[in-house]
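Asker: Here it is, the structure, as structure tokens.
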Amino acid sequence: MDEDFHFNEVKLSWQKTLSELKKSLDKNTFQNWIKPVSFESYDNGILSLSVPTRFLRDWIINNYASVIKRVCTDQGSQIKKLSIIVKEKNERIIPGTEAIYQDKEEEEDTYYDDISAPLDPKFTFDNFIVGKPNELAYAAAQRVAESEVVSFNPLFLYGGVGLGKTHLMHAVAWSIKKRSPKKNVVYLTAEKFMYQFIKALRFKNIMSFKEQFRSVDVLMIDDVQFIIGKDNTQEEFFHTFNTLVDKKRQIIISADKSPADLEGLEDRLKSRLGWGLVADIHPLTYELRLGILQSKSEQKNLKLSSEVLEFLANKITNNVREMEGALNRLAVHGSLQQSDISMDMVKDVLKDLLRTNSRKITIDEIQKKVTEHYNIRLSDMHSPRRSRSIARPRQVAMYLAKSITTRSLPEIGRKFGGRDHTTVIHAIKTIEEIMVNDPSLAEDIELLTRILQTS
Ligand code: ADP
Ligand code: MG
């Protein structure tokens, strides 16, 4: 049968499935859980869907996968497996997030796949740019990669999304594999660990599961926050961990928070995870962002003026992943246009990215910067005091909160000592009026805005 034809047919039947589901579920359930699901592809009996969050994915796999599959089959599509991936808002698939649902009797009984996930060839030490925010994590990772004996166990890396945790883990794995090809280095996400474990349970293969994990030389588990609340998996992880530590095998763990801050993780696991070296990766500084942009644009053969590089380093502040995304887009546009990449082009091509980046500024940060600038106390932001020297900066902060965050007026009011939203409106109007006649206030606002958007 013609592939496209089949694809369209399934897409159509997905539409029908949706309307069936809409009929059978209550309105809120449909709106909150099914509506965000998008059709991705249909290939060889595998229906691929995507959702915006891992949480939603798990929820659907656990609660609605069988229903979706059945309704879809009722609509005439042969579906053997349902795969759900997580896609970010900018449509990027988040690697390693695929979850599969299939009926029991159709599962292959060869359940072993390699317990280690593939390593990204680009994630090496050579390709990692080091600066203040990540120098400790980098040094620790190198130490682990190079030392013959286990020096600290585990190495626990933590930091926000897209700051290089996975990159560093892969770099350690590459480096060890290169030096000692015989060593069994296993890297996988906590999520995959869980799926392997559940699979083993279901196939009554738990002994060989344990065997497999307990025979590794170096075990790396990425994004361990994922197993919070998954009690059985935590338990198994804990045992695996202990066994390996006892055997003096190196363990590297990553998470989005420090062990102590991983709320919901069992206490004994928390404390065990903190035994070795805990190294955090801080949010990127301007210098490091600029360094990364320079090196990555060179790698991509993308010629950017220093004006553009500095602009990007100022504006794209969240993480390296977004910086790479921006460069990729510029590379595509640049090659289509065959011309130098101008500032106008940058602003146009990256419109949405630039917007989401400026949205991340919090009211707390605004209050902090404003109080620093005017040399008043942070508590003055919340206090009822009305003297001009305090009330004016407070109004400035409210004005900035409105202009550079997406918070609503009542939300802003609450953040300023529980003030009413009319007070916020008054503050904004006042500042707008004064700015017209007072260039120094206008300058203050501009300066503060720039500081906030670039720090
Ligand atoms: P995390 O695991 O912390 O979410 P990743 O390791 O996946 O982040 O990093 C996201 C992207 O950014 C990857 O492509 C990675 O290569 C890149 N990256 C992160 N930090 C650096 C750095 N210091 N130097 C070069 N590339 C980096
Ligand atoms: Mg990662």
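Values quoted throughout were computed directly from the atomic coordinates according to the rules given, and no laboratory measurement underlies them. Being a predicted model, the structure only gives us computed values, none of them experimental. Every residue, glycine as well, gets a Cβ built from its backbone with ideal geometry; the counts of neighbours run over all protein chains shown.
Asker: Could you tell me the number of lysine pairs in region 276-351 with C-alpha atoms less than 18 Å from each other, where the two lysines are 8 or more residues apart or belong to different chains?
Answerer: Numbers: Lys296/Lys315; Lys303/Lys347; Lys315/Lys347; Lys315/Lys351.
Count of close lysine pairs: 4.
Asker: Treating the angle as unsigned and between 0 and 90°, give the value, to the nearest 10°, between the Cα long axis of helix 363-374 and the longest Cα principal axis of the chain.
Answerer: The helix 363-374 is inclined about 30 degrees to the chain.
Asker: Calculate one ³J(HN,Hα) per residue across region 157-171 by plugging θ = phi - 60° into the Karplus curve 6.51 cos²θ - 1.76 cosθ + 1.60, and present them in order as whole Hz with x for glycine and proline.
Answerer: Running phi through 6.51 cos²θ - 1.76 cosθ + 1.60 with θ = phi - 60° gives 9, 9, x, x, 5, x, 9, x, 5, 5, 4, 5, 5, 4, 4 Hz.
Asker: How big is region 363-454 by Rg and Dmax over its Cα atoms, in Å?
Answerer: According to the Cα coordinates of region 363-454, Rg and Dmax are 11.8, 31 Å.
Asker: Could you list log10 I(q)/I(0) for region 135-281 at q = 0.08, 0.13, 0.19 Å⁻¹, which the Debye formula gives when each Cα is one point scatterer?
Answerer: Reported log10 I(q)/I(0), two decimals: -0.19, -0.53, -1.16.
Asker: List the extent of the Cα atoms of the chain along each of their three principal axes, largest first, rounded to whole Å.
Answerer: That works out to 77, 61, 53 Å along the principal axes.
Asker: Please turn the phi angles of region 49-61 into ³J(HN,Hα) values with the Karplus equation 6.51 cos²θ - 1.76 cosθ + 1.60 (θ = phi - 60°), one per residue in order, whole Hz, x for glycine and proline.
Answerer: 10, 10, 9, x, 9, 5, 4, 5, 4, 4, 5, 5, 4
Asker: Under the rule of -39500 (n - 2.57) per DSSP H run of 4 or more residues, summed and divided by the residues of the chain, what mean residue ellipticity at 222 nm is obtained, to the nearest 500 deg cm²/dmol? Write down the numbers at each step before the final one.
Answerer: Working: 19 runs with 241 residues, N = 455.
My calculation for the chain gives -16500 deg cm²/dmol from helical runs alone.
Asker: Would you mind checking the tilt of helix 135-146 against the longest principal axis of the Cα atoms of the chain, expressed as 0 to 90 degrees and rounded to 10?
Answerer: 20
Asker: Moving to a separate point now. Specify the angular offset, from 0 to 90 degrees and rounded to the nearest 10, of the alpha carbon long axis of helix 286-299 from the longest principal axis of the alpha carbons in the chain.
Answerer: 50
Asker: Is the shape of region 322-367 rounded, prolate or oblate, going by the alpha carbon gyration tensor and its root eigenvalues a ≥ b ≥ c, with a/c under 1.5 for rounded and a/b larger than b/c for prolate?
Answerer: prolate
Asker: Next question, about the same structure. So for region 286-357, what are the equivalent ellipsoid semi-axes in whole Å, largest first, each being the square root of 5 times an eigenvalue of the Cα gyration tensor? Mind dumping the intermediate values first?
Answerer: Numbers: eigenvalues 57, 38, 22 Å².
Those come to 17, 14, 11 Å.
Asker: Give the percent of DSSP beta bridges with both residues in the chain that are antiparallel, rounded to the nearest 5. Could the numbers behind the result be given before it?
Answerer: Numbers: 10 of 34 bridges.
For the chain, the DSSP antiparallel bridge percentage is about 30.
Asker: Add +1 for every Lys or Arg and -1 for every Asp or Glu among the other residues with Cβ under 14 Å from the Cβ of Thr166, and state the total.
Answerer: Working: positive: Lys122, Lys165, Lys192, Arg321; negative: Asp120, Glu191, Asp222, Asp223, Asp256, Glu324.
My count for the surroundings of Thr166 gives -2.
Asker: Skipping prolines and chain starts, which residues have an amide H placed within reach, meaning under 5 Å, of the one on Tyr187, given they are 5 or more residues away or on another chain?
Answerer: Distant-sequence amide H within range of Tyr187: Ala117, Met220.
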